[in-house]
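To keep things clear, I will list the structure first and then write my remarks on it.
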Amino acid sequence: MTGHSRIIEGDAAAKGVCVAIVAARFNAFVVDKLLSGALQALAAAGVRAGNIDVVRVPGAFEIPVAVNQAAVSRRYGAIIALGAVIRGETPHFDYVAGECARGIMRVMLDTHVPVGFGVLTCDTLEQAQTRAGGAAGNKGADAAQAALQMANLLQQLAH
Ligand code: INI
């Protein structure tokens, strides 16, 4: 018989890691709930408040450039992107939501800094509220946990 396969998986308990949260001001009444969820999840994982920087940008369209700057600074082990893009009557939604997601993925692949994607893309305000601390949980908290897990996983894969 050959040996056992190794299972390599991220652990969300992250002591000593510095985290940047990049949060849009647009739809702040939703995004601020995502931000509370993310901060609670980070505290639960043992990240010290002094190791967390919260960066506010105008809207989801501006998130990637701030995430990129945070990533290239090499100050952060994990970054969390928070926003709420809600479909209106125009194709604007598709550009804002699509470019936000694409830009964030590009930063992650280019810099190897994990970015939790807590940007809601919803048809209605009600759907967004359900995902920002309502019946469907808090996607800000989920994004924070994902970013910490990925930071831990990437560290393990690098050795
Ligand atoms: N920004 C958002 O974060 N959410 C939206 O739903 C949204 N809509 O619907 O327009 C939005 N637009 C602003 C955009 O992100 C930029 O801030 C703006 O275009 C200036 O560059």
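The values are calculated or read from the model by the stated rules, or taken from the named source; none is laboratory data. Just so we're clear, the structure is a prediction, and the values are computed from it rather than from any experiment. Note: ideal-geometry Cβ built from the backbone for every residue, glycine included; neighbour counts use all protein chains shown. What goes into the accessible areas is simple: the full protein's heavy atoms, side chains included, and nothing from ligands, DNA or RNA. Shrake-Rupley method; radii C 1.70, N 1.55, O 1.52, S 1.80 Å.
When you go through VAL65, VAL72 one by one, which is the residue that is surrounded by fewer than 21 Cβ atoms within 10 Å (Cβ to Cβ), more than 14 Å from the ligand (Cβ to nearest atom) and farther than 20 Å from ALA146 by Cβ? Talk me through it step by step, then tell me what you get.
Working: VAL65 fails: more than 14 Å from the ligand (Cβ to nearest atom).
Answer to the check: VAL72.
Against the condition closer than 19 Å to ALA146 by Cβ, more than 10 Å from the ligand (Cβ to nearest atom) and open to solvent by less than 80 Å² (accessible area, probe 1.4 Å), how does ALA45 come out, does it pass?
yes
For GLY37, only one of the following conditions fails: (1) free of Cβ contacts under 8 Å to residues at least 60 places away in the same chain; (2) more than 15 Å from VAL115 (Cβ to Cβ). What is its number?
GLY37 satisfies all of (1) free of Cβ contacts under 8 Å to residues at least 60 places away in the same chain; (2) more than 15 Å from VAL115 (Cβ to Cβ) except (1).
If I ask for residues that are more than 16 Å from the ligand (Cβ to nearest atom) and of a type outside the set (Gly, Ala, Ser), which ones from segment 131-154 would you list?
If the condition is that a residue be more than 16 Å from the ligand (Cβ to nearest atom) and of a type outside the set (Gly, Ala, Ser), then ASN138, ASP142, GLN145, LEU148, GLN149, MET150, ASN152, LEU153, LEU154 are the ones that fit.
Can you confirm whether segment 15-36 contains a residue that is basic (Lys, Arg) and in a helix (DSSP H, G or I)?
yes
Where residues in segment 77-126 are of a type in the set (Phe, Trp, Tyr) and within 9 Å of the ligand (Cβ to nearest atom), which of them is most open to solvent (accessible area, probe 1.4 Å)?
Here the answer is TYR95.
State all residues of segment 127-155 that are within 17 Å of PHE29 (Cβ to Cβ), free of Cβ contacts under 8 Å to residues at least 40 places away in the same chain and buried (at least 19 other Cβ atoms within 10 Å of the Cβ); if no residue qualifies, say none.
Result: ARG131, single match.
I need a count of the residues in segment 48-59 that are within 17 Å of GLY118 (Cα to Cα) and either open to solvent by 20 Å² or more (accessible area, probe 1.4 Å) or part of a helix (DSSP H, G or I) (or both). If you could, list the steps in order and put the result at the bottom.
Quick first cut of segment 48-59, residues within 17 Å of GLY118 (Cα to Cα) only: 52-59.
With either open to solvent by 20 Å² or more (accessible area, probe 1.4 Å) or part of a helix (DSSP H, G or I) (or both) added as a condition, the list becomes 52-56, 58.
Counting residues in segment 48-59 that are within 17 Å of GLY118 (Cα to Cα) and either open to solvent by 20 Å² or more (accessible area, probe 1.4 Å) or part of a helix (DSSP H, G or I) (or both) gives 6.
Among the residues of segment 2-28 satisfying the criterion of being under 21 Å from ALA66 (Cβ atoms) and open to solvent by 60 Å² or more (accessible area, probe 1.4 Å), which is farthest from the ligand (Cβ to nearest atom)?
The selected residue is ARG25.
With (1) touching a residue at least 24 places away in the same chain (Cβ under 8 Å); (2) closer than 16 Å to VAL22 by Cα; (3) under 13 Å from the mean Cα position of the chain (by Cα) as the list, and ALA101 as the residue in question, which single condition is left unmet?
Unmet condition: (1).
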